[in-house]
Every structure is written in structure tokens, then in C-alpha cells.
1. Quickly work out the LEU142-to-ARG76 label distance, labels modelled 7 Å from Cα along the C-beta direction, and quote it in nm with one decimal.
2. Can you list, largest first and rounded to whole Å, the semi-axes you get for the stretch 1-87 by taking the square root of 5 times each eigenvalue of its Cα gyration tensor?
3. Which aspartates and glutamates, if any, have their Cα less than 19 Å from the Cα of LYS3, not counting same-chain residues under 8 positions apart?
4. How much area per residue is accessible in the chain when the probe is 1.4 Å and only protein heavy atoms are counted (Å²)?
5. Kindly provide the helix-only [θ] at 222 nm of the chain, computed as the sum of -39,500 (n - 2.57) over DSSP H runs of four or more divided by all residues, to the nearest 500 deg cm²/dmol?
6. Wrap a convex hull around the Cα atoms of the chain, take a quarter of its surface area, and give that in square nanometres.
7. So which lysines can LYS2 reach, going by Cα to Cα under 30 Å and dropping same-chain residues fewer than 8 places off?
8. Given a 1.4 Å probe and every protein chain left where it sits, what share in percent of the accessible area of the chain is carbon and sulfur?
Amino acid sequence: MKKLVIIPAYNESASIVRAVDDIRRNAPGFDYVVINDCSTDGTADVCLQNGLNYVDLPVNLGIGGAVQTGYLYGCRNGYDLAVQFDGDGQHDASYLERMAQELIRTESGMVIGSRFIEREGFQSSGLRRIGIRYFSLLIRLLTGKRVTDPTSGMRMVSRDVMEIYADSYPKDYPEPESVVAILRMGKKVTELPVVMREREEGQSSIAGLRSVYYMIKVTLAILMERLRR
């Protein structure tokens, strides 16, 4: 079984090598590809100098476009499953094989690495936890499915979901909306407890007034996804 780790990277020059080393050490059965989303901090140079496998986007596509590029790469190169993995040091590659086993065992379309099942490790800020609970409730109201960590960027998908996402994927803040999309298609989504770390370098793209925009935009996107299906 061919397994791919997709690492979307925007201005992650300080942490990208550590993220790849984590995968090499703790998930040796996985290949990886870094999707450099037109970074301005030399991320592409770091990838080149360290011999990393990367795709260098000529324009900034945002997180959704970068991840979709990874899914397209996975489909074109014959991968059976793919997992999104942050390049900022928050995710732990030692969980990847466990997630793959869960995906296969449960015949799921997606397995999400959730911080909120066992509540260990970094739990995000209090304000963001409120937002996560809000999206969890909204998804449950619209789909009947409880997802404890709908904004988790650590999510593994099967080949058929890879193909769906390679064709169509939300552009901004895609995690909650993309979960709703496949739930509405009848795909099975399961969660596995993981421990996440605090970001090692850089800043989150969701801060200050952008968090308000995030809440409104994602809510509207989820509701539109519900209406489309």
C-alpha cells in the first residue's frame, strides 16, 4: 500500500526540515511531499538545500489550494491513502501508521487525529476551543455525526476521497467544510486520539479580526455545502 504525507507549507523555513525528519524517523512506511505555497521566507531554498521532495507553487493558492495540489499529486502517482500534516511542528508522525490501520480497519473515508478525545497535549487557546465546539455542534446538527476536532489539520483519507478532493476542495479554512462534504456523500469519518504540540515557529493565519472572518466564512460555507447536497 502506497501512503503519502502531504505537507502544505507557507513560510515554514524554520521548521520544515524537522517536520520531514519526524516523518522519516517515525513513519518510515510513508512517502511525503512538501507543497511550498509561494513562500516569501526561503522555504523553497531550504527544501532544495536539504534534498526534500517538494512542489513549488508559482503563486500563493492558500491552504486549500496547497492541500488540493497534494491530493492531485497523490492521485497521479498512484497512492492508496494520503494524510495532511502540518509543517510547523504541531503534528506527531508517530501516529500516522496507527491512523492508517484505523482507516483500513474501519473502512473509513477519513480518519481525523483529534486533540479532544483524551484531552492531552496542546489544546489550542480558549477562544479557539469555543470556535471548535461551535463547528462540532453545527456539523452534528447538519449531518447527525459528532466530530470532536473538525478543524484538525491532521486528517487521513482513502483513495476515493483523495479523488474527490483532487477534483474539488475548499479554498479557505477547508477543514470543517471538507468534512461536511464527504459526510453528505455517505463517507464514513472516524477519529483517533492524538497529542499535538504547540507551534514551534511562526504564527497562525487565524488571529485577531481574521478569527471573526473565519467563523463567518466557514459557517456560510458549511451551510452552502449542506444546501448543494
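1. The answer from the label model is 3.1 nm.
2. Equivalent-ellipsoid dimensions as semi-axes: 19, 16, 10 Å.
3. ASP21, ASP22, ASP31, ASP80, ASP86, ASP92, GLU97, GLU102, GLU107, ASP160, GLU163, GLU191
4. Counting only protein heavy atoms, the per-residue value for the chain is 46 Å².
5. So the helix-based figure for the chain works out to -14000 deg cm²/dmol.
6. One quarter of the hull surface, i.e. the mean projection, equals 11.5 nm².
7. Partners found: LYS145, LYS171, LYS187, LYS188.
8. Ligands and nucleic acids excluded, carbon and sulfur reach 51 percent.
The values are calculated or read from the model by the stated rules, or taken from the named source; none is laboratory data. This structure is a prediction, so every number in the text was calculated from the model and none was measured. Note that each Cβ is placed from the backbone with ideal geometry, even for glycine, and that neighbours are counted across all protein chains shown. Side chains are part of the model used for accessible areas, which takes the heavy atoms of the whole protein and leaves out ligands, DNA and RNA. Shrake-Rupley method; radii C 1.70, N 1.55, O 1.52, S 1.80 Å.
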